[in-house]
Amino acid sequence: MARKAIKIFLDSNVLLSGLLSEKGAPRVLLDILCLDLPLVKGVTGAYSIQETERNIKKRLPAILDIYRSYFPKLRLEIIPIPPIETVKPYIGMIAAKDAPVLASAVTSGADYLVTGDKKDFDKLKDSAAIPVKVVSPSELVYLIGHMFSSDLAE
């Protein structure tokens with residue numbers, strides 16, 4: 001029986017960390033997405049892209065062209081910036097600056113919101129109040145590895 005693909009929403013810190021490092025879980029996730037495997041589909045929000053590009057321009061402008069050439073290889077579905085009505089229910093659940101990220105992840109129908117932002121997102125781990133599971137990049141790499149190894153065992 002064919003396994004349903006998992007949909008992963010990447011926060012801007014995962015995009016940036018994966019681009020800047022040749023190792024580590026964020027880079028592994030970006031590399032997996034570049035492979036265009038049928039079991040893993042990537043998504044991010046226009047809000048997260050703006051945040052990523054703003055951080056690159058501010059801190060590392062020399063890599064902007066590298067980012068722009070690499071980004072299409074990820075084949076990410078892009079969720080438009082959510083309207084304020086969609087964001088409002090998440091303000092208070094998480095910091096206002098992160099509410100558009102959470103709203104975008106929920107709107108996308110993602111199974112997992114992948115973030116390295118422990119300070120703001122850890123309180124949402126295992127929360128029944130949202131339909132997306134918040135995980136770190138390393139947690140998701142482990143899950144994907146387990147998913148593929150169990151498929152091979154069958």
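No lab work stands behind these numbers, since they all come straight from the coordinates. Note that this is a predicted model, so its numbers are computed, not measured. Using ideal geometry, Cβ is built from the backbone for each residue, glycine included, and neighbour counts are taken over all protein chains shown.
Side notes on the structure shown:
- In percent, rounded to a whole number, the relative contact order of the chain is 28, using alpha-carbon pairs under 8 Å and six or more apart.
- When the Gaussian network model of the chain links Cα atoms closer than 10 Å, the mean-square fluctuations of Ala46, Ala103, Ala95 top out at Ala95.
- Of the GluC sites (Glu not before Pro) found in region 1-76, those in coil by DSSP whose Cβ has at most 12 other Cβ atoms within 10 Å are Glu22.
- Note: the chain, Cα convex hull, 117 Å³ per residue.
- For the set Lys4/Lys88; Lys4/Lys58; Lys4/Lys57; Lys23/Lys125; Lys41/Lys119; Lys57/Lys125, the pairs lying more than 29 angstrom apart at their alpha carbons are Lys4/Lys88; Lys4/Lys58; Lys4/Lys57; Lys57/Lys125.
- About its Cα centre, the dipole of region 6-153 is roughly 360 debye, where the only charges are +1 on Lys and Arg Cβ and -1 on Asp and Glu Cβ.
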